[in-house]
Amino acid sequence: MDLPPLSDSPASATQLAAALAALGLYGGTNTAAEHAAEALRLGGPEPYRMQLANALLGAVQVEAMLAESAATRPEDLAAAHHQQLATAGVADDVEKLAGFLRWQALRVAGPLRLVAQDPATGPIPLAAAHTAEGLQKLLGIAGTGQVPDVDAVKEGVAEMRAARQCLVDAIDNVDILLEMLSGLSAFLDKD
């Protein structure tokens, strides 16, 4: 599939709303007055655009999940994933790709941190949150390039230490669960 390269200018509220409408997810009239009123309610045009873009992203992600569930060959799935990266303009640039993947990891880490704050969730969501945070830190380092400057190296060392600690914390939480399961298994074996 050949798609034109993405524009460097962000989509307007009207364009985002039209994309949502095409998916049957926008019930407004898509007028300038409607967008101005909603932007005012949300604190400005940028927060409003962010809401529209994220609504569209959520819808498209669900569509991708549904489409991928029908994938019959691994190479078809790999081609579809490559299409996402190509459309985003990051497929052929390792530094841009690392930045894009870091952004995706940040989007995963945030909800995981919220879930992990609930004491009833146990150690696995906490381990997943630590892992996602470690991953986004490592991708941040990868995004500085293959030959980063001295300041980037200094920042990278601190980030690598922070990433390592996140991953150690994740392992510690997995170990807690394994100990719990071991104790449960020993208890069940007594019966």
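Treat each spin label as a single point 7 Å out from the Cα along the C-beta direction, and report the residue 41 to residue 1 distance in nm.
3.2 nm
Which net charge results when you count Lys and Arg as +1 and Asp and Glu as -1 among the other residues whose beta-carbon is under 13 Å from that of residue 47?
Details: positive: 41, 49; negative: 38, 46.
Every neighbour counted, the sum reads 0.
For region 71-189, what is the relative contact order in percent, using Cα pairs closer than 8 Å and at least 6 residues apart in sequence?
Numbers: 106 pairs, mean separation 29.8, N = 119.
Relative contact order, region 71-189: 25 percent.
Can you compute the helix-only [θ] at 222 nm over the chain? Use -39500 (n - 2.57) per DSSP H run of at least 4 residues, normalise by all residues, nearest 500 deg cm²/dmol. Before the final figure, lay out each step's value.
On the way: 7 runs with 143 residues, N = 191.
Helix contribution divided over all residues of the chain: -26000 deg cm²/dmol.
Measure off 7 Å from each Cα along the Cα-to-Cβ vector at residue 171 and residue 184, then give the distance between these two points in nanometres to one decimal.
Rounded to a tenth, the inter-label distance reads 2.4 nm.
Rounded to the nearest whole Å², what accessible area per residue is found for the chain with the 1.4 Å probe?
Details: 12950 Å² over 191 residues.
Roughly 68 Å² per residue, with all protein chains present.
In what order, largest first, do 130, 35 sit by accessible area if the probe radius is 1.4 Å? Walk me through the numbers before you get to the answer.
Details: 130 35, 35 15 Å².
I get 130, 35, largest accessible area first.
If contacts are Cα pairs under 8 angstrom and at least 6 residues apart, what is the relative contact order of region 1-89 in percent? Walk me through the numbers before you get to the answer.
Values: 40 pairs, mean separation 30.9, N = 89.
Answer for region 1-89 is 35 percent.
Only Cα pairs within less than 10 Å get springs; with that Gaussian network setup on the chain, which residue of 158, 98, 120 has the largest fluctuation?
Largest GNM mean-square fluctuation: 120.
Please label the shape of region 1-89 as rounded, prolate or oblate, based on the square roots a ≥ b ≥ c of the eigenvalues of the alpha-carbon gyration tensor (a/c under 1.5 means rounded; beyond that, a/b larger than b/c means prolate, else oblate).
On the way: a/c = 2.87, a/b = 2.02, b/c = 1.42.
Judged from the Cα gyration tensor, region 1-89 comes out prolate (a/c at least 1.5, a/b above b/c).
I'd like the accessible area for residue 92: 1.4 Å probe, protein heavy atoms, all chains in place, Å² to the nearest 10.
150 Å²
Can you classify the chain as rounded, prolate or oblate using the Cα gyration tensor, where a ≥ b ≥ c are the square roots of its eigenvalues, rounded means a/c under 1.5, and otherwise it's prolate if a/b beats b/c and oblate if not?
Numbers: a/c = 1.81, a/b = 1.49, b/c = 1.21.
Here the chain falls in the prolate category.
With a 10 Å cut-off between alpha carbons and a GNM built on the chain, which of 51, 136, 104 moves the most?
Per the Cα network of the chain with a 10 Å cutoff, 51 tops the list.
Over region 93-190, with every protein chain in place, what whole percent of the accessible area is carbon and sulfur at 1.4 Å, could you tell me?
Values: 4150 of 6410 Å².
The value for region 93-190 is 65 percent carbon and sulfur by accessible area.
The values are calculated or read from the model by the stated rules, or taken from the named source; none is laboratory data. Since the model is a prediction, treat every value here as computed from it, not as a measurement. Heads up, the Cβs are rebuilt from the backbone with ideal geometry, glycines too, and the neighbour counts pull from every protein chain shown. Surface areas here come from the heavy atoms of the whole protein model, side chains and all, with no ligands, DNA or RNA. Shrake-Rupley method; radii C 1.70, N 1.55, O 1.52, S 1.80 Å.
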